[in-house]
Structures are given as structure tokens and as C-alpha cells.
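Encoded as C-alpha cells, the structure appears first; notes follow it.
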Amino acid sequence: MKRIALFFLLAASASLRADLTLVQKVDMAGTPGEMTIKFKGDKVRVDPAPQMSMILDAKTGDTVTLIHAEKKAMRISGDKMKAAAEMVKKFTTATPAEQKAKLTPLGRKETVNGMPTEVFTADTSVGKATYYIAMNYPDGPAIIQEMKVAQPSAFANSGTNIPDFRDLPGVPVKIEMDTARGHVVITLISAKRDPIPNSVFDVPANYTDMKMPDLFGGKKVPENPAGSTVPGSPPMVPAPSVTP
């Protein structure tokens with residue numbers, strides 16, 4: 001569930017692009033794993049663990065989370081995603097300028113999996129992040145275009161304090177983060193342009209829908225949230241590492 005939060009909110013316009021599959025190694029506080037992200041046109045599928053997948057329609061912002069063991073599908077509309085972003089924005093005291101995390105160059109270079117990178121840092125709402133950015137990654141500009149699909153525009157400057165991937169100078173091949181739950185490292189293992197079947201983005205016919213909890217208990221987003229707490233909701237806010 002922690003990994004699916006990295007991608008739970010995705011929205012951006014998408015043009016015609018070649019299919020792309022990104023594979024990442026994810027180490028969360030000493031627990032290793034692998035995450036796969038597949039892009040095809042306006043569709044994105046994230047497999048953060050064998051037990052769960054997420055499918056996004058980047059045109060509408062609609063998402064479906066698949067819980068494989070239970071053969072369940074939880075659907076969330078793009079409108080609800082925008083409402084969640086608005087809620088986060090209202091519950092933060094920072095100004096829009098303060099909410100936008102800034103990447104700061106550390107003035108050093110490191111090699112990650114044989115790829116030269118420049119190292120940047122950013123202070124985010126969940127901890128300090130370090131980005132190892134490859135300026136000359138093969139097919140880098142096209143990959144960055146795909147990453148913009150995974151940039152939750154609805155959450156831009158919404159209090160999540162996530163670096164804007166539209167501002168990245170290259171492809172982040174490694175991201176490190178110190179959080180309250182421990183040290184997290186995400187490393188890009190591969191980026192491939194192999195064709196992806198359309199069926200990858202379909203909900204299996206034998207999966208049944210499960211009800212999504214109401215984010216606001218049937219009420220509108222509070223107009224004056226000072227002194228209030230955010231209503232109970234599933235983990236909607238993405239961690240600061242949307243793609244590689």
C-alpha cells in the first residue's frame with residue numbers, strides 16, 4: 001500500500017507516445033522490492049507489488065486499484081482526485097511558493113548503475129530527498145515526457161511539497177528519502193520500448209467492484225479549515241518519488 005501511494009494520483013494530458021516500461025528497485029527501510037510502470041498512450045499501469053496494481057486513464061484522471069488476492073477493483077474518478085487535492089490545499093498553511101519543493105544542486109557527480117548523474121536535494125513535507133539525475137540518459141527527453149503523465153497536476157502546489165517533474169533537468173535514476181518510517185531508495189533498473197498489449201490496462205472480467213469510501217463524508221471541502229483536521233481517507237497523498 002505504501003508503494004501504490006507513490007502513484008495513486010496521476011493526471012496530465014498525454015500525446016501519442018511509444019509504449020514504455022520502467023522497472024525500478026525499491027528498498028523501503030531495508031525491505032527490498034520491485035516496481036513496474038507501463039505507459040501506453042493515455043494509459044498508465046503501476047505494479048508496486050504482486051498483490052496490487054493501479055491503472056490510470058491520464059485523460060480523465062480516473063484510476064482503478066486492483067487487489068489481486070481478493071479479485072477486487074476500487075475505482076476513483078478524476079473529479080474525486082481533484083477534490084482530494086483541493087482538500088489538502090485548504091489544510092496547509094504554507095503559501096503556494098512555499099508548497100513547491102525546490103531542487104537544489106549539491107555540486108557533485110556520482111555514477112549510478114554505470115550512468116553519470118548530478119546530485120540534487122529537496123526538502124519535502126515527508127523528509128529530505130536526494131535525486132541522482134542523469135542529464136544524458138538514453139531516450140531521456142521522451143522518458144521525461146512520460147514522467148509528466150505521472151506528475152499529479154491536480155496536486156501541484158497543494159501542500160504535498162513534491163518536486164515538480166516538469167522542472168527536472170534530466171532523468172532521476174535514483175531517489176533517496178529519509179522518512180519517519182525509515183530510509184527509502186528507488187533506483188531505475190531499466191527503460192524499455194517493447195509493445196504493450198491493450199489488455200494490460202483492462203480490469204479482469206472476474207474482478208468485482210468495491211466501494212470507495214467518501215473522502216469528505218458527503219460534505220464539501222471545508223472553506224475555513226483552520227483548527228480542523230483532514231477527514232479520514234485512504235492514503236491519497238503521493239510520496240516524493242513518482243517515477244524513477
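Among the residues of region 110-126, is there at least one that is open to solvent by 10 Å² or more (accessible area, probe 1.4 Å), more than 16 Å from the chain's Cα centre (by Cα), modelled with pLDDT of 80 or more and closer than 25 Å to M87 by Cβ?
Yes, the conditions are met somewhere in region 110-126.
Give me a count of the residues in region 99-150 that are outside any strand (DSSP E or B) and touching a Leu at 6+ places or on another chain (Cβ under 6 Å).
2
Only residues that are modelled with pLDDT under 95, over 24 Å from M81 (Cβ atoms) and open to solvent by 100 Å² or more (accessible area, probe 1.4 Å): list them for region 182-229, please.
K192
For region 6-20, state whether one or more residues are at pLDDT 90 or above, open to solvent by less than 40 Å² (accessible area, probe 1.4 Å) and either within 24 Å of G170 (Cβ to Cβ) or not β-branched (V, I, T) (or both).
Yes: region 6-20 contains one or more residues that are at pLDDT 90 or above, open to solvent by less than 40 Å² (accessible area, probe 1.4 Å) and either within 24 Å of G170 (Cβ to Cβ) or not β-branched (V, I, T) (or both).
Based on this model, can you work out whether I175 counts as among the aliphatic types (A, V, I, L, M) and part of a strand (DSSP E or B)?
yes
Output the number of the condition that I133 fails; it satisfies all remaining conditions of (1) hydrophobic (A, V, I, L, M, F, W, C); (2) at pLDDT 95 or above; (3) open to solvent by 30 Å² or more (accessible area, probe 1.4 Å).
Unmet for I133, out of (1) hydrophobic (A, V, I, L, M, F, W, C); (2) at pLDDT 95 or above; (3) open to solvent by 30 Å² or more (accessible area, probe 1.4 Å): (3).
Name the residues in region 32-71 that are open to solvent by 10 Å² or more (accessible area, probe 1.4 Å), at pLDDT 90 or above and among the hydroxyl-bearing types (S, T, Y), would you?
Hit for region 32-71 is T36, nothing else.
Filter region 72-87 down to residues that are assigned to a strand (DSSP E or B) and not small (G, A, S) and give me whichever is modelled with the highest pLDDT.
Checking each candidate, the answer is K72.
Working only within region 181-201, note down all residues that are under 20 Å from A142 (Cβ atoms) and part of a loop (DSSP other than H, G, I, E, B).
Listed by number, the residues that qualify are R193, D194, P195, I196.
The values are calculated or read from the model by the stated rules, or taken from the named source; none is laboratory data. Just so it is clear, the structure is predicted and the values come from calculations on it, not from any experiment. Don't worry about glycine lacking a Cβ; one is built from the backbone with ideal geometry, like all the others, and counts go over all protein chains shown. Accessible surface is based on the protein model in full, side chains and every heavy atom, while ligands, DNA and RNA are left aside. Shrake-Rupley method; radii C 1.70, N 1.55, O 1.52, S 1.80 Å.
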